[in-house]
Every structure is written in structure tokens, then in C-alpha cells.
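Report on the structure given below.
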Amino acid sequence: MPTRDMRQPLPMGVGSLTRGWAAVLALGVVGTVVGIVGYAVERTQGMVATGMRDLGTMQGATWGIYIALVVYFVGVSFAGITVAALIRLFRLDKLRGVARMAEVLTVVALILGALAIIVDLGQPVRGVINLFRYARPQSPFFGTFSLVISGYLFASLVYLYLTARRDAAVLARRPSRLQGFFRLWAAGYEDTPEQRARDRRVTFWLALAILPLLVIAHSSLGFVFGLQVGRPGWFGTLQAPAFVVLAGVSGVGHIIVLAAIVRKALGLERRIGRDAFGWLGLFLLGLLATYLYFVVVEVLTIIYQPGVIEQRLSEALLSGTYAWLFWGSVATLVVPFLILAWMALTRTWRVGWLVTSGILVNLGAIGKRYLIVVPSQTHGQLLPYGVGSYTPSLVELAVTVGLFSLGAVLITLFMKVFPIVDLETEASTELEEVSA
Amino acid sequence: MAIDLDRCQGCRACVEACKIENNTPSAVFWMYVFRLEEGTYPDTSISFLPRPCQHCHNPPCVKVCPTGARFHRDDGIVLTDFDRCIGCRYCEVACPYGVNFFNWRKPEQAFADYQLKMDDPDLAAVTGGLIPPYRNPDLDELQGDEQRRTAGSAHYKGVVEKCTFCVQRVEKGLDPACVVTCPVEALVFGDLEDPNSPVSTYLRGRDQFKLLEELGTDPSVIYVGGTPPTPDAREIERPMTGVGNANA
């Protein structure tokens, strides 16, 4: 039995509970409970408790903020695994510090995406069964449910597990309450040179396989909308690429915010350096430039597109009902672009401004997702049903709060059972000590 | 199905017949009749456009359904399997005709809103506590070779439903409720592939159009007489569609 003196605290604040951490967790739990209450109301009253209504005679939107959130969360998951895979494929060692949290973000965002689908279904239990039992690859939803939620989530979990095994092996040698858990995670891994080489090989190929899977998965989400001829504003070739790029924008923005929080909370100014933030900032700048180019193309196309109904929809977007949201979203993408471009030109990466950009692009991303889903339903009726409207109800907003809070809770909990930043440098010295 | 717009007088008897035959809840119109106005005063014209499900040969709703709950039968009828539908409403956004309805409420509440309070004791004495007061027993049967549950409305909460061409009647050799009820015989039903069916004979030699034909959905509902609605067309009078009083 180890004595109390031999117990060193685990690194990265794992296992030690602090007041700030507890406060964040409590806030997250409260938000999650709000979401659960909201969902309970939706289930007991029926989905009439939401602001969604039928298209056509009811003049509503049958897909609302939930579907926008599905697209958004799956989008956020993009960046995590991309950044992690890029770091491994291109050996970007200065970014090692953000790789683990990026992987965790991917897994959490995918869980939230899956939950956002579930809350949108009229028959959630049947949905979980029938989506697999009667799966039809011909439906664009197959990509969302089976490819993204199952394949992609599974691949990300395996990737997270494999890349973290080394740390687990290191921590399993220290006496702590979590020792058994780390031993389970390491699963016999002892960090011998052969094992290390094998894991490196496996993760390399997995990273290589994940990158195309990612483009396919996010494109399939774009196809959910882009292949529909019957809904003005949806059919188009740009949908799939724009989905992939905006996914990257929101995801990288999220990583920047998360990295800044972790860096501050755990005092990791050295591990997650300015250059790591600089790289993320440049990556975000590149994606944002591409997406803004898409926005210009989109605006020009919808101004000139043929068809009376289509033009009515364009008017609603550019100068009508949805103009505030459209131009607001564009602004929350242009402003961060200018901030990032300025920082890139002057080569001074300020974490504060990066975080601001990260938050703004995510607001813009949610806005743009909402604009893809809703206006084509309320203003895109080809038969003379008249113009519809949709406002999210309190229940939907509560569930939205709940989803974001649950994400925060999951990440906060993970931080206390496993190091959110990998132990690379400290670990190698420690292992040598142990083996000596 | 053929719909003769020269005959239609916009009485909406077909809408009523459909609601009674299929027990659809309030604000749900499997059959719907547009009363449309076009032009600017004083040069306006009024027209009527009945709108059942178009039962497309190339149905966008069937293509997008992730579970195969929406399917296209060999006889051309497009149906929903209520036991398989998960309520994702993808069919609803994919359909350009707006014919799909989601069961937002539970079945027992679906009929009890707007003006009628079904739990009112005076009303309960008349209805015997049944919701809806009259329930068509034929709707509980299973249809087709596969014996799937496809008829009727509001059986379950959280599934999508739409016009079935009264599959429970068609299987017995009867015409859909809207067709038999129409007082001016504006609706004609039958097998479009059989050259001697009533609908084929009716269509022969007449000018026809299909709704939103340019989308390539190839509807089996064919309109004769009249013209397709222009984008300028607007509704001048609507039944209780649930707009604005959704939480009543």
C-alpha cells in the first residue's frame, strides 16, 4: 500500500477537484437539467410544444432549430479530428498540446449532434431501431445517421483511445484513485519501442482514413439539402462544399476557445504556446476566406436566379424577414476575418482576439445553418400556400441550452479523469525514470 | 386521378368527405381546395384547385425516406407505413406540393382543440367519450400484399401522414371518398395504365396539365380544363388551418 507521502498529484489537474471546476460543472448541470425538462415537456405534450408546424396549409416550418443544430454540431466535430489528424500526418509538434482536446471536442460534438437528431424525431425510440433496421442508403439521411453518427463517431473514439493509451500507461504506474481506470485504458500497453511503433503506424493509417471519411460525411449533410429539387434555395452544387468549409470554420473556432480556456485554467502557457494559436488562427483564416468567397458566390447567384418564387425567397433573405439574420451572420464572419487577417499580417497573435474570433464565427455558423434550414420552408412554397413563419418555442430554446450545457459537462468531466493535454514531454522523462 | 377544373366549383365537399372517411384531425387536410385569386383589381379572376397527394411516379418523399416507411406500390399509390415511420419529416420538406402532415399532437388530443372541447360534459354525453366521436372501422385493417398499416389518420403521435387515395376503399374496388362525394363529378378515379378505365376514357382528347411538372416528379393526378396557378395566385379564403392558434 502506498503511503500518503508517495502520492503525487496527477498532472493536468486530473483527480483534484477545484472550486472553479465545480462552478463550471454546476452551471453545466443546471443547463442540462433545463434541457431535460424542456424535452420532457415536448414528449408529454407531443411536438406541438415546439414552434414547428406543417408546411403548406399550416404555413409553418417542419424543420426548425433542431435540424440547424444537428448540422452545426456535426460541423463542429469536423475540426477536432481534422486538426488531430493533420498534426499526426504532418508532424506538427508545436500543436501536440491541442490534439487531445480537439479529439475530445469531436466526440462530444458528435454525441450532441446525435442527440439533436433524437429530440427532433416524432418517434425517437423507433428511430434508433428503424434507422439501422430499415436503413436506405438512397436517402441522404443515411449519410447523416449511419456515416456521420455511427462510422465517424466510432472512428473518432478509436482514434482518441489509441492516441491516449501512452498517457494512460504512464498514469497507471502512479498510485491514485483512478489507477484502475488508467490500467483499463492502457490495456496491457507498456510503451515498449515495438508497441510505440505499432501504435504510431495504426494511428497514421487511421488518420489517413479519417480525412476522406470526413469530407464524405460533411458533404452528405450538404446533400440532405442540396439534392432537393422541390424546395427553392436548396438545390445546388455549392451546398456540399460549403457545408464542409463552414464545418471547419465553426470547429476550429471552437478549438481556439477551448484551448484558451484549458490553457488559462491549467496554467499551460508553455505547452500551448503562441505559435500553436498562430497556426490555428491561420487555419481559421484560410477556411474563413474560402467560406466568405462562397458567400459572395451565393449572394450573386440568388440575386440573379430565375423563377418568381426563388426571387421571393432571395428578397426575404437579403432585404426581407430574414435580412437581419443573414447580414448579421455575414458580419459575424467578416469581422473575425478582418481581425485574423490583421493579426496574420502583423504576425502578432493575441489570444484574446483569437477567442473573440472563435466565438463570433460560431455565432455566424449557427445563423447560417438556421438560414439554410428555415427560409426555404416558410418562403419557398411552389404552390400558392402563402408565406409562412417559424419562431422557436421556449421548449426548443430550453433543449438548445441543454445540449450546449451537456457538451460543457462532458468536457469538464473528461478533464478530471484524463489529461486533456497529452503528457508528451513529461511522460518520456518519467518513463525513463521508471525503467532505470 | 383526373381533376376537371372546369367542373370544380370550390365547394370543398371532397375536403369534408376525406376528413370523415379518414378521421383526419383538425387543421389536417389530406384533400385541400385552393380558392385562388389572380390579377389586380378590377381585372381579377377566381379559380379553384383541388390538391390531393399527387401520388408521383417519381416521388421525392419516397427517395428521401431513411427507413422506407414511405413507399410506392406497384399500383401507383404512394403510402406511409405508420409502424415504420420515425417522424423525421424529411418527406415533408422534400415534397413540393405540401401534402404531408405530421402528428404534432397525441391522437387523443388531436381532435380536441380550437372550438370544440372534447372533455366538455355536454359534448361527452353525445359522443360517448369517444375521440373522434366517429371512427371508421375500416381504418384498422392492414393493406396490400405485405399487410402494412397504411390507412387512416392520427393513429399514433409523431408520425407523418398524407392522402392515401383511400387505400382501404380502393382495395375493396371502391373509389376514394372525395371522388364519390363530388357533387359535380369533377374528380375521376381509375387505373391510368388501363386504356379502358374511366379515368383514361375521360382524359382522352382533353387538354391536360400536371402540377409542377417541371420538377420531374411525374404526378398521377392529372388536371384537365383550366391552367396551372401562376406565381401571382393567392388564396382568398382558408378553412381553419391551425395558423395562429396552434397552442389552443
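The values are calculated or read from the model by the stated rules, or taken from the named source; none is laboratory data. Just so it is clear, the structure is predicted and the values come from calculations on it, not from any experiment. FYI the Cβ positions are ideal-geometry reconstructions off the backbone, even for glycines, and counts take in every protein chain you see.
Restricting to the range A:32-68, name every residue that is surrounded by 23 or more Cβ atoms within 10 Å (Cβ to Cβ) and among the charged types (D, E, K, R).
A:53, A:54
Of everything in the range B:50-82 that's part of a strand (DSSP E or B) and over 20 Å from residue B:145 (Cα atoms), which residue is nearest to the other protein chains (Cβ to nearest Cβ)?
Ranking the qualifying residues of the range B:50-82, first place goes to B:51.
Just checking, which of A:199, A:191 is of a type in the set (Asp, Glu) and on the phi > 0 side of the Ramachandran plot?
A:191
Please specify each residue of the range A:32-65 satisfying the condition of being more than 10 Å from chain B (Cβ to nearest Cβ), touching a helix residue (DSSP H, G or I) at 6+ places or on another chain (Cβ under 8 Å) and farther than 18 Å from residue A:377 by Cβ.
Answer for the range A:32-65, where residues must be more than 10 Å from chain B (Cβ to nearest Cβ), touching a helix residue (DSSP H, G or I) at 6+ places or on another chain (Cβ under 8 Å) and farther than 18 Å from residue A:377 by Cβ: A:32, A:33, A:34, A:35, A:36, A:37, A:38, A:39, A:41, A:42.
Report, by residue number, each residue of the range A:269-314 that is surrounded by fewer than 16 Cβ atoms within 10 Å (Cβ to Cβ) and either of a type in the set (D, E, K, R) or touching a Phe, Trp or Tyr at 6+ places or on another chain (Cβ under 6 Å) (or both).
The answer is A:269, A:270, A:274, A:275.
Being at pLDDT below 80 and farther than 25 Å from residue A:132 by Cα narrows it down to one residue among B:32, B:97, B:114, B:41; which is it?
B:114
Look at residue A:144 and say whether it is under 18 Å from the mean Cα position of the chain (by Cα), closer than 22 Å to residue A:259 by Cβ and of a type in the set (S, T, N, Q).
Taking the combined requirement at face value, the residue does not satisfy it.
Restricting to the range A:355-379, name every residue that is surrounded by 24 or more Cβ atoms within 10 Å (Cβ to Cβ) and more than 19 Å from residue A:71 (Cα to Cα).
Passing the criteria: A:357, A:379.
The rows are residues; the columns are (1) surrounded by fewer than 17 Cβ atoms within 10 Å (Cβ to Cβ); (2) within 7 Å of chain B (Cβ to nearest Cβ).
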position	(1), (2)
A:122	no, yes
A:125	yes, no
A:129	yes, no
A:132	yes, no
A:141	no, yes
A:145	no, yes
A:151	yes, no
A:156	no, no
A:160	no, no
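I need a count of the residues in the range A:325-373 that are free of Cβ contacts under 8 Å to residues at least 12 places away in the same chain, aromatic (Phe, Trp, Tyr) and farther than 18 Å from residue A:256 by Cα.
1
Tell me, please, whether a residue that is within 10 Å of chain B (Cβ to nearest Cβ), over 29 Å from residue A:248 (Cβ atoms) and more than 27 Å from the chain's Cα centre (by Cα) can be found in the range A:13-20.
No, the range A:13-20 has no match at all.
Take the range A:87-104 and flag every residue that is touching a residue at least 12 places away in the same chain (Cβ under 8 Å), out of contact with any Leu (no Cβ under 6 Å at 6 or more places or on another chain) and part of a helix (DSSP H, G or I).
Scanning the range A:87-104 gives A:88, A:89, A:94, A:95, A:96, A:97, A:98, A:99, A:100, A:102, A:104.
Taking the range B:194-224, which residues are crowded, with 16+ Cβ neighbours inside 10 Å, touching a residue at least 40 places away in the same chain (Cβ under 8 Å) and of a type in the set (Gly, Ala, Ser)?
Passing the criteria: only B:220.
Which numbered condition in (1) surrounded by fewer than 22 Cβ atoms within 10 Å (Cβ to Cβ); (2) under 19 Å from the mean Cα position of the chain (by Cα); (3) aliphatic (A, V, I, L, M); (4) more than 18 Å from residue B:111 (Cα to Cα) is the only one that residue B:139 fails?
In the conditions (1) surrounded by fewer than 22 Cβ atoms within 10 Å (Cβ to Cβ); (2) under 19 Å from the mean Cα position of the chain (by Cα); (3) aliphatic (A, V, I, L, M); (4) more than 18 Å from residue B:111 (Cα to Cα), residue B:139 misses (4) alone.
Considering only the range A:43-71, how many residues are outside any loop (DSSP other than H, G, I, E, B) and more than 25 Å from the chain's Cα centre (by Cα)? I'd like the intermediate steps shown before the answer.
First, the residues of the range A:43-71 that are outside any loop (DSSP other than H, G, I, E, B): A:43-45, A:47-49, A:56-58, A:65-71.
Now restrict to residues that are more than 25 Å from the chain's Cα centre (by Cα): A:43-45, A:47-49, A:56-58.
The total comes to 9.
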